[in-house]
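I have placed the structure first, in the form of C-alpha cells, so that the comments after it can refer back to it.
The values are calculated or read from the model by the stated rules, or taken from the named source; none is laboratory data. Bear in mind the structure is a predicted one, so any value in this text is a computation, not a measurement. Here the Cβ is made from the backbone with ideal geometry for all residues, glycine too, and neighbour counts use every protein chain on show.
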Ligand code: PEP
Ligand code: MG
C-alpha cells in the first residue's frame with residue numbers, strides 16, 4: 001500500500017504529534033472528544049520532509065492524497081469548492097511538532113474566486129462580508145504564498161478609505177470593497193504577470209507549498225536554533241473548513257488560556273473581538289475585549305466555552321491556549337495547545353497542578369522548561385530605586401521582569417547594538433516575525449500597539465524577555481527613531497529607559513536592579529528537582545562573590561576556579577607581568593612570592609564562601625601575553641620596577657608573541673616550562689586550605705586541576721611538583737589533609753588516551769570549550785564570524801560552543817569516560833565547559849554517567865532542573 005501522507009482529523013489523535021504536528025494532533029484529538037471542530041485534514045510532517053528531499057517539489061502521490069482528502073472534507077461539510085450557490089472555503093495553517101508562534105504563515109478564506117464570492121454574497125445576504133473576505137484572501141495569498149509586498153495592498157486599502165473620507169475598514173461598504181478587490185487583482189496581475197488563480201485546487205497546492213517553504217524562512221531558522229528544534233522535523237499543514245467570525249454582530253473570534261500565562265492564576269484568561277477574523281486579534285491591530293466580557297455579551301456561548309476549556313485542561317493535564325470562533329452565535333474550536341507561559345506562571349501552574357492532584361511531582365517538573373528559569377535569575381528592580389522613579393507611560397504588562405537598556409527602534413539596530421555589548425530595549429509600533437532576532441537580543445520589548453496576545457507579547461513570554469505591549473500613550477516613530485510621551489517629551493535612539501513587565505510601567509531613565517532569589521513556587525519546584533536528579537551541580541566561580549551567588553542558587557561545589565582571573569586586578573597585574581618577563585628562575589620566584597599571599601587570600605575567601613563543599617582549583621591556563629602591557633607608559637613603569645631598559649623589556653615582550661596563542665604556550669605547558677608557577681599555586685591552595693580548616697572547621701579537600709593535558713607524562717611532570725610542594729606545606733604546617741590532583745580533558749589526545757591519563761589523574765573535568773575548539777579545529781575567538789553562514793546554509797543547526805556536539809565532541813567525552821573508569825573505577829568525572837549549563841548537554845552528561853556538571857552561577861538552577869528532567873525522561 002502507498003505510504004499515507006494525509007490524514008482527516010477523525011483519523012488522528014494526540015499521540016500522533018510527530019506526524020501531524022501539534023496543531024494537527026490536537027485538532028484530531030478534539031474531534032475525537034466530540035468538540036465542535038470545523039473538519040478538515042492534515043498533510044503530515046513527512047510530506048514536508050519529502051518535499052525537501054525531492055528538491056522542493058510536492059510529490060504526485062501527496063497531491064493525489066490531498067485532493068482525495070479535500071473531496072472527503074467537502075462531503076463532510078456538504079459544500080463544494082467554487083460553488084456559485086454555497087461555496088466551500090478553508091484555512092491553511094502550518095503546525096510543527098513544537099509550536100512556533102508567528103513563525104509560520106496562515107491563509108484564510110482559501111477557495112474564494114470571482115464566482116464563489118457572488119455565491120457567498122447571495123447565500124449570506126451579506127455582500128459586504130463576502131467581498132471583505134475575498135479581499136483579505138487575495139492579500140494574504142499574495143503576501144504569504146507569492147511574496148508580493150503587502151504594503152502595496154495596505155496602500156490600496158488606505159486609498160479607498162481616504163477617497164471615502166473614512167478611518168475604519170468597517171466603514172467601507174460592499175461596493176467599496178468590490179472596487180478594492182478589483183484593484184487588488186490588478187496588483188496581483190502586475191506583480192505576477194498572470195491572473196489571480198481562480199481554481200481552488202491550484203490555490204490549495206500553492207498554499208500547502210508555501211507552508212512547507214516557510215519552514216525554511218530565515219526567521220524560522222533563527223527560532224529553531226534558539227529553541228533546539230531540528231530542521232529534520234518539518235512542519236505539517238492543516239486544511240480546515242472556514243467558519244466566520246466576521247459575518248456580523250453575532251460573530252466573533254478570540255484566543256484564551258485556561259490560566260493566566262503571565263502569572264499562572266487559575267482563571268480563564270484571554271480576549272476576543274466581535275465581527276472579526278483571527279488575524280485581527282493576533283496582529284494586534286484592533287484592541288480586543290477581555291474574555292470575561294463575553295459572559296455578558298453571549299452568556300450561553302461563554303458557558304459552553306468555559307466548560308470546553310476546563311475539559312481540555314483536564315484532558316491534557318496542562319494549561320491550554322485555545323483559539324475559537326463564533327459564527328452566527330455558534331461556537332467552534334479552532335485550536336488548542338499547551339500554552340506558552342512566563343517562568344513565574346510555569347512554576348505556579350506546576351505547583352498548583354500537583355496541589356489539585358492532577359500531576360505528580362515528576363510530571364510537574366517537566367512542565368517547567370529549564371532555560372525559562374533564566375528570566376528569574378537575573379536582576380529585578382531595586383525596590384527603593386523603583387519607588388523613586390516616575391513612570392512616563394503605562395502599557396500592558398505582557399511579559400514580566402525588569403529591563404533597563406538603551407532605546408532602539410528597529411530589530412537590526414537592536415541586534416547590532418547588543419552585539420557591541422550594549423543593553424538594549426527594542427521599541428516598535430508593533431512587532432512582526434521579522435523582528436525575532438532583535439527581540440532576542442533585547443533586555444526588553446516595548447510596543448505601542450497590540451494586546452496581551454499580540455505577536456510581541458506571545459514571543460516575549462516564550463523567550464522570558466520583559467515586555468510592555470500596547471502602550472498607546474507613547475508615539476513611537478520608527479523612521480524618525482523617536483519615542484514621544486503624551487506631554488511631548490522626546491526620547492531618541494540610545495537614550496536609557498526601563499520597563500517593568502509586571503506592571504506595564506515605562507520609565508525614561510535607567511533604574512538600579514538587584515539580584516534575584518529562589519523563593520516560593522520556584523523553591524518548591526527546585527526542591528522536587530533536587531530530590532529527583534542524580535547529577536550533582538557545581539559552579540564555575542573565581543571570586544567569593546560569585547561563589548556566594550552560586551551557593552544561593554543551590555551550587556554543590558566549585559567545578560572550575562580559573563586562577564588567572566585573579567591576576568587581572570590593578571594591584572596584581574604588575575606582579576604578574578614581572579613574573580612573565582622574568583629572565584631567571586630567581587627573578588620569577590621573587591615575583592611569584594608577591595603573588596602568593598594574594599592568591600592564598602583569594603582561595604581562603606572562596607573556601608569560606610563554599611562552606612566545605614568541594615572546590616576545584618585550576619592552575620594557570622591562558623597564554624601569558626594576555627597579561628602583557630601594550631601601553632608605552634605601562635611598559636616604562638614595568639621596566640623601572642624591574643630595573644630593565646625599556647628597549648630590553650620591549651624585546652622580551654616581542655619575543656613572547658605567538659601566531660596562534662590558543663594553541664600556544666598555555667595550560668600545563670606553562671608549568672612544564674616554569675614549574676615554579678605550579679609550586680607557588682600549590683602552596684597557596686594548601687596553605688589556604690589548612691588555615692581555613694583551622695579557622696572554620698570546614699572539611700576541605702582541595703582539588704588541584706592541571707589544564708590542557710594531552711599526555712600522561714606531561715601531567716606526571718607537573719603533578720610531581722604539586723605533590724612535593726603539598727607534602728612540604730603539610731610538614732611545615734604540621735597538619736596532614738586530604739587533597740586530590742586531577743586534570744581537564746580538553747585536548748582531543750587526552751580523550752583518546754584517557755586510560756593512561758587516569759593512572760595519574762584522580763579526576764577528570766571535561767573542558768568542552770577547548771575540546772570543541774580543538775575537535776572542530778576552529779578558534780573559539782574567531783568562529784563567531786563565520787558560524788552564521790553554517791546556520792543559514794543548514795550545515796549546523798546550533799552553536800557547538802553553546803550546545804555540545806554529541807556526535808563528535810560528545811563521542812570523545814564518552815570514550816574518555818569509559819577509558820578513565822577502566823583504569824580507575826572510582827574516578828570523579830565532571831564537565832566545566834560552557835556546555836555544563838545547557839539543558840540538552842546536561843541530559844547527555846546524565847546519560848553517560850558523569851558525576852557532576854559545572855556552570856556559571858546564573859545557570860545553576862537551570863542545570864539542577866535539567867538534571868531532574870534527564871532522570872524523568874530516561875524512565
Ligand atoms: C574549557 O576549555 O572548556 C574550560 C572550561 O577552560 P577555559 O574556558 O578556561 O579554557
Ligand atoms: Mg580550557
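Tally up the residues in segment 301-315 that are out of contact with any helix residue (DSSP H, G or I) (no Cβ under 9 Å at 6 or more places or on another chain) and more than 16 Å from residue 259 (Cα to Cα), please.
The qualifying residues number 1.
Would you confirm, using the coordinates I've provided, whether residue 510 is modelled with pLDDT of 90 or more, more than 16 Å from ligand 2 (Cβ to nearest atom), touching a strand residue (DSSP E or B) at 6+ places or on another chain (Cβ under 8 Å) and under 30 Å from residue 426 (Cβ atoms)?
Here the answer is yes, as residue 510 does meet what is asked.
Which of the following residues is at positive phi and out of contact with any strand residue (DSSP E or B) (no Cβ under 9 Å at 6 or more places or on another chain): 317, 266, 330?
Criteria check complete, one pass: 317.
Can you pull out every residue in segment 635-647 that is at pLDDT below 90, surrounded by 10 or more Cβ atoms within 10 Å (Cβ to Cβ) and over 13 Å from residue 574 (Cβ atoms)?
If the condition is that a residue be at pLDDT below 90, surrounded by 10 or more Cβ atoms within 10 Å (Cβ to Cβ) and over 13 Å from residue 574 (Cβ atoms), then 644 is the only one that fits.
So which residues in segment 753-777 are farther than 26 Å from residue 802 by Cα and away from ligand 2 (no atom under 16 Å from the Cβ), if there are any at all?
Listed by number, the residues that qualify are 755, 756, 758, 759, 760, 762.
Within segment 778-804, how many residues turn out to be more than 16 Å from ligand 2 (Cβ to nearest atom), modelled with pLDDT of 90 or more and surrounded by 14 or more Cβ atoms within 10 Å (Cβ to Cβ)?
The qualifying residues number 3.
Could you grab me the full set of residues in segment 713-728 that are out of contact with any strand residue (DSSP E or B) (no Cβ under 7 Å at 6 or more places or on another chain) and within 16 Å of ligand 2 (Cβ to nearest atom)?
Correct list: 714 only.
Report yes if some residue within segment 868-875 is under 16 Å from residue 764 (Cβ atoms) and either within 14 Å of ligand 1 (Cβ to nearest atom) or surrounded by fewer than 17 Cβ atoms within 10 Å (Cβ to Cβ) (or both); otherwise report no.
No, segment 868-875 contains no residue that is under 16 Å from residue 764 (Cβ atoms) and either within 14 Å of ligand 1 (Cβ to nearest atom) or surrounded by fewer than 17 Cβ atoms within 10 Å (Cβ to Cβ) (or both).
Can you work out which of the residues in segment 518-543 that are under 30 Å from residue 471 (Cβ atoms) and touching a helix residue (DSSP H, G or I) at 6+ places or on another chain (Cβ under 7 Å) is nearest to ligand 2 (Cβ to nearest atom)?
Restricting to residues being under 30 Å from residue 471 (Cβ atoms) and touching a helix residue (DSSP H, G or I) at 6+ places or on another chain (Cβ under 7 Å), the top hit is 522.
Quick one: in segment 718-736, which of the residues that are in contact with a helix residue (DSSP H, G or I) (Cβ under 6 Å, 6 or more places away or on another chain) and touching a residue at least 12 places away in the same chain (Cβ under 8 Å) is surrounded by the most Cβ atoms within 10 Å (Cβ to Cβ)?
Ranking the candidates gives 718 first.
Going through segment 675-712 one residue at a time, which ones are out of contact with any strand residue (DSSP E or B) (no Cβ under 9 Å at 6 or more places or on another chain), surrounded by fewer than 20 Cβ atoms within 10 Å (Cβ to Cβ) and outside any helix (DSSP H, G or I)?
The answer is 697, 698, 699, 711.
Can residue 731 be described as more than 14 Å from ligand 1 (Cβ to nearest atom), out of contact with any strand residue (DSSP E or B) (no Cβ under 8 Å at 6 or more places or on another chain), over 25 Å from residue 659 (Cβ atoms) and assigned to a loop (DSSP other than H, G, I, E, B)?
no
Would you check which residues across segment 105-148 are more than 20 Å from residue 83 (Cα to Cα), assigned to a loop (DSSP other than H, G, I, E, B) and touching a residue at least 40 places away in the same chain (Cβ under 8 Å) and list them?
Answer for segment 105-148, where residues must be more than 20 Å from residue 83 (Cα to Cα), assigned to a loop (DSSP other than H, G, I, E, B) and touching a residue at least 40 places away in the same chain (Cβ under 8 Å): 105, 146, 148.
Can you name the helices (runs of 4 or more DSSP H) wholly within segment 743-836 that have at least 3 residues being away from ligand 1 (no atom under 11 Å from the Cβ) and without any contact (Cβ under 8 Å) to a residue 60 or more places away in the chain?
By residue number, 784-792, 809-823.
Across segment 841-859, which residue is farthest from the chain's Cα centre (by Cα) among those that are part of a helix (DSSP H, G or I) and modelled with pLDDT under 95?
Checking each candidate, the answer is 857.
Output the number of the condition that residue 512 fails; it satisfies all remaining conditions of (1) touching a residue at least 40 places away in the same chain (Cβ under 8 Å); (2) within 22 Å of residue 386 (Cα to Cα); (3) crowded, with 22+ Cβ neighbours inside 10 Å.
(3)
Could you please let me know if residue 620 is at pLDDT 90 or above, within 20 Å of residue 566 (Cβ to Cβ), within 15 Å of ligand 1 (Cβ to nearest atom) and more than 35 Å from the chain's Cα centre (by Cα)?
It is false that residue 620 is at pLDDT 90 or above, within 20 Å of residue 566 (Cβ to Cβ), within 15 Å of ligand 1 (Cβ to nearest atom) and more than 35 Å from the chain's Cα centre (by Cα).
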